[in-house]
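Novice: Quick one: this structure, given as structure tokens, is what I'll be asking you about.
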Amino acid sequence: MNIIIVGCGKVGQALAEQLNEEGNNITVIDLVAKKVNEISSQFDVMGVVGNGATHLIQQEAGISKADLLIAVTGSDELNLLCCLIAKKAGNCQTIARVRSPQYYTEAPFLKDELGLAMVINPEQAAANEIARVLRFPSAIKIDSFGRGRVELLKFRLPEGSPLVGCAAKEIATKLHCDVLVCTVERGDEVHIPKGDFVFEEKDVISIVAATRKAADFFKRIKYKTNSVKDVMIVGGGEIGHYLCEQLTRSGMSVKLIEKDPRRCEELCELLNDVTIINGDASDQNILLEAGLENTGAFVALTNLDEENILLSLFAKSAGNCKLVTKINRIDFGGVINHLDLDTIIYPKNITSDNIVRYVRAMRSSIGSNMETLYNIIKGKVEAAEFIIKEQSPVVDVPLMELALKPNVLVAAILRDKKVLIPRGHDSLQIGDAVIIVSSRLALHDITDILK
């Protein structure tokens with residue numbers, strides 16, 4: 001596909017990298033020549049310096065032959081204007097990043113009137129992910145497939161867990177649970193485990209399970225699964241605003257700490273059922289007086305990564321709550337992962353992943369059979385959902401007899417509204433949805449799993 005990306009910030013860079021790796025023809029546009037040159041040389045893509053909201057620059061970027069334009073500049077208005085011009089000039093699909101709550105509340109109207117394929121709000125998307133994790137606090141991260149019927153859950157193995165010293169093949173017989181372990185992170189190592197893989201304390205494990213069976217698995221390994229009833233949030237920005245709305249709707253008690261008095265007044269007007277505390281959360285006494293030691297979950301959403309990390313580490317030492325930490329910079333992931341911070345939210349990654357997922361869906365409508373894609377471990381392991389649409393070499397062959405590429409795992413099969421955690425004698429059928437976990441990034445077709 002021919003794709004134009006307007007805006008070479010962190011999201012634009014992540015999109016250029018991911019979409020280029022998948023064989024798309026990418027052109028990036030930005031007013032800053034240095035940014036364009038860096039991205040075009042680093043990822044071997046085309047670059048155009050100029051205002052992406054002008055017809056002339058879009059023509060230079062090849063809008064007449066483009067399949068998709070993605071506008072992710074820092075300005076909502078500029079993004080919408082880019083998409084409007086692209087629709088008139090090239091008749092291609094368009095995606096706009098829109099961050100302002102005033103615009104985002106009108107997203108359906110904007111999509112219809114401007115013909116947008118997608119409107120994405122990074123703050124809303126981040127709040128959605130945090131809310132999903134808080135509803136199932138045992139998990140570090142949750143992704144869903146098959147319209148919510150299958151979940152991929154990531155969690156850290158605690159000390160004394162029955163899984164410690166257990167081999168992957170023993171889970172079904174020892175615990176009588178229909179789940180499949182698809183990845184294990186141990187330090188800097190990433191494994192797609194075979195049957196003889198033995199678990200150790202502090203391994204970060206991803207499992208695939210039918211939605212209803214995940215909770216049963218966590219109970220059997222004696223992992224805390226109590227839902228969160230009260231949440232303390234630090235930072236009253238847009239993510240905090242969206243998150244408060246979602247959590248109060250689901251019946252949770254929410255306290256929000258914000259140091260800007262004017263912002264506190266705004267939030268008091270917007271959030272009737274939230275306790276708003278005006279104070280500096282870097283003062284430990286304020287956190288303790290607000291009830292940190294007894295809260296069920298602590299969410300750090302300030303604008304400073306360092307402050308979020310320190311606040312979360314203090315919350316970890318002060319109580320036994322679920323931790324969620326927002327990180328804006330995506331280039332120190334390796335260091336941050338060693339801090340044992342529970343769930344880490346990268347709004348920029350969530351935005352780029354959502355857009356890439358839409359692009360994959362576009363490709364599926366023009367020949368590919370991929371439906372959904374998730375990054376389980378950024379840049380290392382992906383989980384993709386395929387629909388078996390026609391006869392192919394993978395159909396009607398027992399999985400144990402398929403010549404799969406290394407580090408490729410058939411994690412789940414959805415057939416006739418049933419979820420099958422596959423074993424060696426199972427086979428794929430036409431009409432199945434199948435979830436593939438692989439370290440071989442950018443699989444495009446189900447047949448790509450074969451040697």
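Novice: Scan I309, I327 and give me the residue that is within 24 Å of P137 (Cα to Cα), at pLDDT 90 or above and open to solvent by 20 Å² or more (accessible area, probe 1.4 Å).
Specialist: On inspection, the qualifying residue turns out to be I309.
Novice: Restricting to segment 395-425, give me the number of residues that are more than 29 Å from the chain's Cα centre (by Cα) and in a loop (DSSP other than H, G, I, E, B).
Specialist: Qualifying residue count for the region: 6.
Novice: Checking the condition crowded, with 17+ Cβ neighbours inside 10 Å, under 23 Å from K169 (Cα atoms) and out of contact with any Gly (no Cβ under 8 Å at 6 or more places or on another chain), which residue from I449, I350, I435, I355 passes?
Specialist: Unique residue meeting the criteria: I449.
Novice: Surrounded by fewer than 18 Cβ atoms within 10 Å (Cβ to Cβ), modelled with pLDDT of 80 or more, among the aliphatic types (A, V, I, L, M) and more than 21 Å from the chain's Cα centre (by Cα) - does that describe any residue in segment 193-201?
Specialist: yes
Novice: From L399, L339, which residue is of a type outside the set (D, E) and at pLDDT below 90?
Specialist: Details: L399 fails: at pLDDT below 90.
Result of the check over L399, L339: L339.
Novice: May I ask you to verify whether E258 is at pLDDT 95 or above and open to solvent by 20 Å² or more (accessible area, probe 1.4 Å)?
Specialist: Here the answer is yes, as E258 does meet what is asked.
Novice: Moving on. Considering segment 34-68 alone, what residues qualify as being under 28 Å from the mean Cα position of the chain (by Cα) and loosely packed, with under 14 Cβ neighbours inside 10 Å?
Specialist: Scanning segment 34-68 gives S41, Q42, D44.
Novice: Determine if segment 171-183 includes at least one residue that is at negative phi, open to solvent by 50 Å² or more (accessible area, probe 1.4 Å) and not charged (D, E, K, R). Before you say what the answer is, go through the steps one by one.
Specialist: Residues of segment 171-183 at negative phi: 171-175, 177-183.
Now restrict to residues that are open to solvent by 50 Å² or more (accessible area, probe 1.4 Å): 173-174, 178.
If we keep only those that are not charged (D, E, K, R) as well, we get 173.
Among the residues of segment 171-183, at least one is at negative phi, open to solvent by 50 Å² or more (accessible area, probe 1.4 Å) and not charged (D, E, K, R), which makes the answer yes.
Novice: Kindly indicate whether I171 is modelled with pLDDT of 80 or more, outside any helix (DSSP H, G or I) and among the aliphatic types (A, V, I, L, M).
Specialist: It is false that I171 is modelled with pLDDT of 80 or more, outside any helix (DSSP H, G or I) and among the aliphatic types (A, V, I, L, M).
Novice: Considering only segment 32-118, give the helices (runs of 4 or more DSSP H) lying wholly within it that have at least 1 residues that are closer than 22 Å to D353 by Cα and not β-branched (V, I, T).
Specialist: Once the helices (runs of 4 or more DSSP H) in segment 32-118 are filtered for at least 1 residues that are closer than 22 Å to D353 by Cα and not β-branched (V, I, T), what remains is 33-43, 76-90, 101-104, 107-114.
Novice: Taking the options S138, S144, name whichever one is under 28 Å from R186 (Cα atoms) and in a loop (DSSP other than H, G, I, E, B).
Specialist: Criteria check complete, one pass: S138.
The values are calculated or read from the model by the stated rules, or taken from the named source; none is laboratory data. Just so you know, these numbers come straight off a predicted model, no measurement behind them. Note that each Cβ is placed from the backbone with ideal geometry, even for glycine, and that neighbours are counted across all protein chains shown. When the accessible area is computed, the model is the full protein with side chains, heavy atoms only, and any ligands, DNA or RNA have been set aside. Shrake-Rupley method; radii C 1.70, N 1.55, O 1.52, S 1.80 Å.
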